[in-house]
Structure formats: structure tokens, C-alpha cells
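Step one of this worksheet: look at the structure below.
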Amino acid sequence: MQNEPIPFDPARDPATLGASGALDGNVALYAQPRGPDLLRRGGALDAWVQLRARHGVWPYGRVLEGPPGPLASVAADGEAPARGINFASQDYLSLAAHPEVHEAARRALHDAGPHSAGSAVLLGTSRYARALEQALGELLGLDQLVLFPTGWAAAFGAITALVHAHDHVVIDALAHASLRQGAACATRNVLVHRHLDCDHVRELLARIRASDAVNAILVVTEGLFSMDADSPDLPLLQHLCREYGATLLVDVAHDLGALGPGGGGVVASQRMLGKADIVMGSFSKTFATNGGFVACAQPAARRRLQLYAGPHMFSNALSPMQAAVALASLRIAASNEGDGLRADLLRNAVELRALLGCSGLHCLGGPSPIVPVWTGSEAAARVAGMLLARDAVFVNPVEFPGVPLGAARLRLQLMAQHAPAQLRRGASLVANACNRAGAGRPTHRPGQERYRG
Ligand SMILES: Cc1ncc(COP(=O)(O)O)c(C=O)c1O
């Protein structure tokens, strides 16, 4: 296995990093700079990022050379690329390397050219996009589909198109930024419920309905939480929605295709196919391309999404190639071959979690393509990420605003094609880095934090 450690740099010595200031601070501190000069008032933020970069603890914006495989070449800013084990890319079923997916891209490029040349409403819709809508509808048991240029656009577009200023949103405390920002943009009536806590959802719905019987309520959750690797009780949430005249939206960005019978995700494993009100997702985690979708059963809702979701109406549609790649990936994910790839992926998840657990680390959630390793402090996540990059093991250290303050972690993402030897070596180096960095164990039940700042 190729795995080339990077030479030692004294500026990156964990023993002296604390004194450098590079382990202090967080993005929340720089969120609201004051002053009239819009272009220069971010100077303090820039200086803080540069300080972190100098000491090797700014892990963002690195460059991936070549495809996002289990082994990859990664270059930090201004540095030569290093080749090593890659737990930082999203290609859960390893479909980005699949010959049928490549062939689909080649054919679409040849037949329809490289771009969509218009929004979905203005001749940007290709026959690949139509076939993709049909296939997604069959997989989800919902036949009203709207496609978006990204998953972010689908989440933001769905909420802002459907929810009015007088309506209400009840949203999980750890929902993705695209969902939280969509809710904040749609209405001031946003209530945040404790992560996965259906009793709290019931309490909030009852409170809203006690004073407002006429406006709509959207309950927003995820099939598999992207930083916590856990899932809500979808049948119960949908039941509560029915009871209180609310509508459920489930973001399945991380589970559709990668988990569940036939690749139907957590919606399928909880027997909710065709029963959840709105299912939205992204193609960028499992379906080897950018793009997103919103699915439901009501033509009236589809019409609203087409005409009032800004990123559908006013942004160029998925390119024919992107739609063809998503379609080819979806067909593989839904096939017997997909069952085999999901089994490989899940075996990898169980194995990696066991290896990390045996080393004394705390993995959040349950077996899935996402393996979040708790560090708690931002400083520990930064140092562990730096030590791992030095060993050419690529993970994503995640801190605010990706997760709440004080709930930092390393997020490892698995692929079906990670090999057992890569998992063993990766786990041993992750454990070593976390121990040296002083990664903590949670002092409270993880997931009970909220976003501040
Ligand atoms: C839960 C969730 N929803 C939506 C998105 C946005 O998807 P995309 O990155 O494909 O735009 C993400 C991306 O990470 C996500 O994790």
C-alpha cells in the first residue's frame, strides 16, 4: 500500500502548538465583523486562518489530485501532494470509479454536449433528467419529482418554496446548514427541537397548534445525520405530523443508495417508502455527481417547487452528463450489484468502528458510511487532523460551523472499496493521533448540543 508520511516541520510540533495560538479561536468569533468597509473588515479572520495554516492546523481547501478513491493524492496549499488512505471523500458505493458510470458520462457528453444551457424551466431539462426523475420516483414510491443543481439547492429551495412567512418550521437541532438556512429564510417562526427527540417535536407541535390552526407547519429532519451517523424515528415523526396537521420533510442526502433494502435508504429500512410526505436528497454522496432532488406525491407541491424554488427556476439545470451519471449510479445502487456494494460498505463501517472502539475512541451514532470520532475540543480535532495528514491519512476534522462549539470530531467517510488493510492501518493511525492530541470522551450525551454563535 502506498502511504508516504510527510517530513516533520517544527512549526507543527504538537508540544509547542498550544503556545502559537493556532489552537485557539473559532469561526463564530469572526462571524459579525463591524465597520463600513465590507472588503477589509474580514482581516482578523484571514490572519487567524493564516496562523492556523502556518502551523498545519487549517485542514480546509486542500486539493485532491485525481479521483476520490480509497487511496488518493492530496495537496495542502502550497505543498506537494501526498498519497495515502482517503477517509475524506464522499463516494459511498465507489461508483465514481464504475465503468458503467464512466460510459454513461461519455455517451451523454457525446450526445448532448457538456452543459445544460438553461434553467430546468427554460429548456435546461434533458431526456436524461426526465429518466432520472422517473427512476428516483420508482425508488422512493413518490412520483412528483423536481431536480436541482445541487443538494444544497434542493434543501434550501424546497423549504423556501413551500413555507410562507406565517407558517412554522420545526427542525432538528443538528439539521444541515442548507435546511437551517432555508428555514431561516422562509419564516421567523422556526422552532428547534432536541436532536432526534420526538417527545419534544410533539410538545412544539402542540404549542404551535394551540395558537395557530390555520397556517402550515413543516417538520424537518434527516434520514442519516451527516455529522452524527444517527437516524430519527420516521414513522413516529410522520404520525405526529398527521396528528397536528403538519408536513414532514426528510433529507436523505447521506443514506439514499448507500443504506437500506434496494438502496432505498433509511426511508426504506423504516418501511416508509411512499409514506413520508417530502423526501429530498443529493447525488453527491453516493451517485457520483453533483445535484439534488425533491420528491413528494402531490402535483400541486411539485408545481410550487418548479415555480417558487429559486435554485430550480433561476439556476442552470443539471447538465445532461450529471443527470446521466446520477441515473447510471442509481440503477447500479438499486440492482443486485448495489446490494453487494452496500454489504461491503456496511462491513467496512462495522470493522472500522470496532477497531477505533478497541483503541478507546468514541464513535458517534451507528454503522453507516459516516464514522464520526469524538474529540470534543476544537484544539484536539485540529492536532489530530494535522498528525494524520502528516501520516498521509486524510480525514475531515469538523468544528463549528459544521458542528456546534465544543462538539468537534474527526469525520471519516467510508467507501465500498476501502480494503481491510486500509481500515486497519487507518484505525491505528487515527487512534495514535487522537491519543497524542488529547481527544476526550463525551461528558454528556453527544447530539444534545445546539448551534450557537
Ligand atoms: C444533510 C445534507 N443535506 C444537503 C447537503 C447538500 O448537498 P450537496 O453537497 O450535494 O449540495 C449536504 C451536504 O453535505 C448534507 O449533508
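Of TRP58, TRP152, the residue with the largest accessible area leads and the full order is TRP152, TRP58 (1.4 Å probe). Could you let me know the centre-to-centre spacing of the stretch 145-179 and the stretch 404-432, using Cα atoms, in angstrom? Using only Cα atoms to place each centre, the spacing works out to 30 Å. If the chain linking ASN432 and GLU243 were pulled fully straight, counting 0.36 nm for each residue of separation and taking away their Cα-Cα distance, it would gain 63.0 nm.
Provide the percentage of antiparallel DSSP beta bridges, counting only those with both residues in the chain; round to the nearest 5. Percentage antiparallel, nearest 5: 60. Each peptide in 337-347, 168-178 receives the mean, over its residues, of other Cβ atoms within 10 Å, and ordering these scores from highest gives 168-178, 337-347. Couplings for the stretch 210-217, taken from phi via the Karplus curve 6.51 cos²θ - 1.76 cosθ + 1.60 with θ = phi - 60°, read 5, 10, 9, 9, 9, 9, 7, 10 Hz in order; Gly and Pro are left as x. Think of a 1.4 Å ball rolled over the protein heavy atoms: the stretch 100-333 then has 39 Å² of accessible area per residue. Protection proxy ranking for 279-285, 268-274, 73-79, using the average of other Cβ atoms within 10 Å per residue and placing the highest first: 279-285, 268-274, 73-79. Phi angles across the stretch 137-142 convert, under the Karplus curve 6.51 cos²θ - 1.76 cosθ + 1.60 with θ = phi - 60°, into 3J(HN,Hα) values of x, 5, 5, 9, x, 9 Hz, Gly and Pro given as x. Axis angle, to the nearest 10 degrees, between helix 177-186 and the longest C-alpha principal axis of the chain: 40 degrees.
Close amide-amide hydrogen proximity is noted between LEU248 and VAL219, ASP277, ILE278, each under 5 Å apart and 5 or more residues distant or on a separate chain (H modeled in the peptide plane; Pro and chain starts excluded).
Judged by the gyration tensor of its Cα atoms, with axes a ≥ b ≥ c, the stretch 183-230 is oblate; a/c meets the 1.5 cut and b/c is at least as large as a/b. For the stretch 227-291 versus the stretch 37-63, the spacing of their alpha-carbon centroids is 36 Å. If both residues of a DSSP beta bridge must be in the stretch 100-333, then about 40% of such bridges are antiparallel.
Please work out whether the stretch 3-85 counts as rounded, prolate or oblate from its C-alpha gyration tensor, where a ≥ b ≥ c are the square roots of the eigenvalues and a/c under 1.5 means rounded, while otherwise a/b larger than b/c means prolate and anything else oblate? Because a/c hits 1.5 or more and a/b fails to exceed b/c, the stretch 3-85 counts as oblate. At 1.4 Å probe size, with the rest of the protein present, what percent of the exposed accessible area of the stretch 100-333 is carbon and sulfur atoms? Here carbon and sulfur together make up 55 percent of the probe-accessible area.
The values are calculated or read from the model by the stated rules, or taken from the named source; none is laboratory data. Owing to the predicted nature of the structure, the values given are computational and were not obtained by experimental measurement. Using ideal geometry, Cβ is built from the backbone for each residue, glycine included, and neighbour counts are taken over all protein chains shown. Side chains are part of the model used for accessible areas, which takes the heavy atoms of the whole protein and leaves out ligands, DNA and RNA. Shrake-Rupley method; radii C 1.70, N 1.55, O 1.52, S 1.80 Å.
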